[in-house]
Amino acid sequence: MSNFEKYLKGVKAGIGMGVAFIPFGLTIGLIAKSNGMHTLVTAALSFGIYAGGSEAMLLKMVYGQHSTALEVVISVFMINLRYLLLNLLIFRQLKSGTKFWKKVLVGIGLTDETITYAILKKENSPWYIIGLNTLPYICYGGSSVLGSLFGDLIPEVFRASMSFILYSIYFSLLIMSLQKLPKFFEVVIYVIAMKLAFMYLPGLNMVSSGWAMIIIMISSSLIYAIRHRNEEVGENE
């Protein structure tokens, strides 16, 4: 099978994921438009970052919390940090001798969904995975641009509800994650407890919402990792 045929096979496998990304991309575009973000900036974010959760957080922090640039950068970095490990799983799976530029093309288009699919299918062809990434990438970025372009055509009442949709996106992502890994519900408890502390405890309630979010993300993950370090080691053995 030629490289082009492998690519087309991957594109075909990614159709379902691409279609599934469209509603989320439209929502991100609508939220960006309702907050006054220019369509070109929305396109740059969607095609550049290509991470719905990170883009949703960026919009929330910039327009909802008015966070500083440093707070936004650190928060987005923390959310995407997992891809350092997930991409390594894919790179190890690729057939030996895969050139560096091919690995770059594979890596920039990976998402949680395409990584999971490629691992389950045990695909080692970089061209197949590049094809798998193509439609989800185009559908997400394109739909976010469409959402931004035609946001003015949406009734004002619906546009005003975009902030609520943003929170519902986060909640749905949380529920889906807990369905797959219910043991991490403990982390949710830590996050809620620390969030309440930063809201109501004297001193802590003076910390900006952006830095509070960063501290909560790092602290809750660290507490869980320390508490369950021996269990994880035992499972790996």
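Computed from the coordinates by the stated procedures, all read-outs in this text should not be read as laboratory data. The model shown is predicted, which means the values in this text are computed figures rather than measured ones. Cβ placement follows ideal geometry from the backbone for every residue including glycine, while neighbour counts extend to all protein chains displayed.
Structure above, values below:
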| item | result |
| --- | --- |
| Axial C-alpha extent at least 24 Å, average Kyte-Doolittle at least -0.5 - helices from the chain (DSSP) | 15-34, 126-149, 162-180, 209-227 |
| Two-decimal log10 I(q)/I(0) for the chain, as the Debye equation yields it once each C-alpha is a single scatterer, q = 0.10, 0.12 Å⁻¹ | -0.56, -0.80 |
| Structure-based [θ]222 nm, the chain - -39500 (n - 2.57) summed over DSSP H runs of at least 4, per residue, nearest 500 | -24500 deg cm²/dmol |
| Rg(Cα)/(2.2 N^0.38 Å) for the range 1-81, N = residue count | 1.35 |
| For Val145, net neighbour charge (Lys/Arg +1, Asp/Glu -1) across residues whose Cβ lies under 13 Å away | 0 |
| Per DSSP, loop GluC sites (Glu not before Pro) in the range 50-158 with at most 12 further Cβ within 10 Å | none |
| Pairs of lysines in the chain (C-alpha under 20 Å apart; 8 or more residues apart or interchain) | 25 |
| Net length gained if the chain between Leu120 and Glu156 were fully extended (0.36 nm per residue, minus Cα distance) | 8.6 nm |
